[in-house]
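What follows is a set of notes on a single structure, which appears directly below.
Read the figures in this text as sums done on the coordinates, not as results from a lab. Everything numeric in this text was worked out from a predicted model, so none of it was measured.
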Amino acid sequence: MTQPAPYIEVAAGTMRARVSGESGPRIIGLEVDGHGELLGSTAVVVDGDAGPVPLIGGHRLWSAPETRATTYVADAPVLTSELDGGVRVESNDTGQTLMKVMEVRPSGSSLIVDHTLVNVSSESVETAAWAITMVRLGGAVVIPVPERGLDEVGLQASFALVAWPYSDPADPRLTFDKSGARISVEEGPTFKVGVSSLLGRVEYVLGDLRFTKTIEPYDPTERYADLGAVIQVYVGSGFCEIETLGPLRNLTPGDSVTHREVWEVGSTTG
């Protein structure tokens, strides 16, 4: 019997993503020319209803809202297939309510990462696709906010900040300026915040490297988990996770929902 490949490499510009061919769906590494490995890893394990769930690291697909029963599900064996210069990876576990699918392919110098949840149960499920990227410590996450035009007087809010119960709003790692929110990725107490981003963009700055994830912006006509925080940042336990969230969908059996991220890298000096 042919053994699955440990990973499939998908290249775009200066990026080389390694997509696991064994379990997931998960991107297990992202090397950037001149900068080495960008993604982080961890030995932390969380308790799910069906047993322990290793967080592992890299980039993964979860489902929201976050619960131990539906979110904390361990990686499954996967089936892979070629796709437009990239790869399609889907979970192969008949015991799951939601089948997870990740498609990774190049688009010029960018990587397109599509995250799909398929309801394979016999009941309707309300869920949202939740894309989570673990990065190395030592940089800063920047969540830009829209610039105010000359004809605007600031009568409408430009973003909302959401905090989790274990987060200290006075944590010095969180700062603001006219360009947006900034979270220093360094050791300290567990901390998580989110933003209902009207730009749909989050950046990780590490030295002179800028890694950007772009999604569909927050849409006030949609329903979301986590009070509309479509961009979220978790720092704790020796790692940082940069997370994005799609809108909630009521999936009847066989229905699916897809959430897209566009990954780009550039220089902070260019």
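Which residues' amide hydrogens lie under 5 Å from the amide hydrogen of R210, considering only partners 5 or more residues apart or on another chain, with H built in the peptide plane?
G266, S267, T268
Checking the cross-link filter: which lysines have an alpha carbon closer than 26 Å to that of K100, excluding same-chain neighbours under 8 positions apart?
K192, K213
Explain nothing, just compute: Karplus ³J(HN,Hα) = 6.51 cos²θ - 1.76 cosθ + 1.60, θ = phi - 60°, for every residue of segment 169-174 in order, whole Hz, x for Gly and Pro.
Coupling constants for segment 169-174: x, 8, 4, x, 6, 9 Hz.
Given H placed 1.01 Å from N in the peptide plane, which residues other than close sequence neighbours of G57 have an amide H under 5 Å from its amide H?
Amide H to amide H, under 5 Å and 5 or more residues apart or across chains, G57 pairs with T42.
Please work out which option in (i) 72, 57, 35; (ii) 62, 44, 37; (iii) 93, 34, 30 gives Cα extents along the principal axes in Å calculated from these coordinates, and answer with its label.
The value matching this structure is (ii).
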